[in-house]
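One structure below.
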Amino acid sequence: MIPYYMDENVHGAITKGLRQYDIDVLRVQEDGYAGRNDSDVLDRATELSRVLFSQDDDLLREATLRQRGWRPFSGVIYAHQVHNSIGQCIADLTYLAHVGEVEDFTGQVYYLPL
């Protein structure tokens, strides 16, 4: 099962919903990484072997730079804040958590909705 690292801009209801399905979720705020830059957050997710979930467009730029520079990271799942409902994010993230492993996401960016 995939453990998630939730970026600080993710709506709290998504984290709460995932936890109701017993998905392993760690929020940046709980880890003491609130306010850190995108590079640090992505490094921390990788260090913890967690896939980063974000709704921050800027984080996509950091992931793209890493892909182009062959810099490893544990993977990013992105959902636009306006075009994805909380319920859809919970459903898609729950599905992905059950069908994959962290290694499946390494160096990749996935977009929601599926």
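So the values come out like this:
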quantity	calculated
Some residue of segment 23-35 being more than 19 Å from E101 (Cα to Cα) and in a helix (DSSP H, G or I)	no
Residue in segment 43-54 that is part of a helix (DSSP H, G or I), farther than 20 Å from L18 by Cα and touching an Asp or Glu at 6+ places or on another chain (Cβ under 8 Å) present	yes
Condition broken by D38, with the remaining ones in (1) in contact with a Lys or Arg (Cβ under 8 Å, 6 or more places away or on another chain); (2) farther than 22 Å from D104 by Cα satisfied	(2)
Long-range neighbours under 6 Å by Cβ, at least six apart or interchain, first residue touching a residue at least 12 places away in the same chain (Cβ under 8 Å) within segment 62-84, second aromatic (F, W, Y) and exposed (fewer than 15 other Cβ atoms within 10 Å of the Cβ)	Y78/Y111
Verdict on I23 being in contact with a Cys (Cβ under 9 Å, 6 or more places away or on another chain), among the aliphatic types (A, V, I, L, M) and at pLDDT 95 or above	no
Failed criterion for I77 (all others in (1) crowded, with 18+ Cβ neighbours inside 10 Å; (2) over 14 Å from V25 (Cβ atoms) hold)	(2)
Odd one out for L59, checked against (1) over 11 Å from the mean Cα position of the chain (by Cα); (2) in a helix (DSSP H, G or I)	(1)
Filter result (touching an Asp or Glu at 6+ places or on another chain (Cβ under 7 Å) and either in contact (Cβ under 8 Å) with a residue 60 or more places away in the chain or within 19 Å of C89 (Cβ to Cβ) (or both)) within segment 14-41	V28, Q29, V41
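Yes/no matrix, rows are residues, columns are (1) of a type in the set (F, W, Y); (2) crowded, with 18+ Cβ neighbours inside 10 Å; (3) at negative phi; (4) touching a Leu at 6+ places or on another chain (Cβ under 8 Å):
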| position | (1), (2), (3), (4) |
| --- | --- |
| R50 | no, yes, yes, yes |
| A63 | no, yes, yes, yes |
| V99 | no, no, yes, no |
| Y111 | yes, no, yes, no |
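The values are calculated or read from the model by the stated rules, or taken from the named source; none is laboratory data. Since this is a predicted model, take the numbers as computed values, not measurements. Ideal geometry is used to build each Cβ from the backbone, glycine not excepted, and the neighbour counts take in all protein chains shown.
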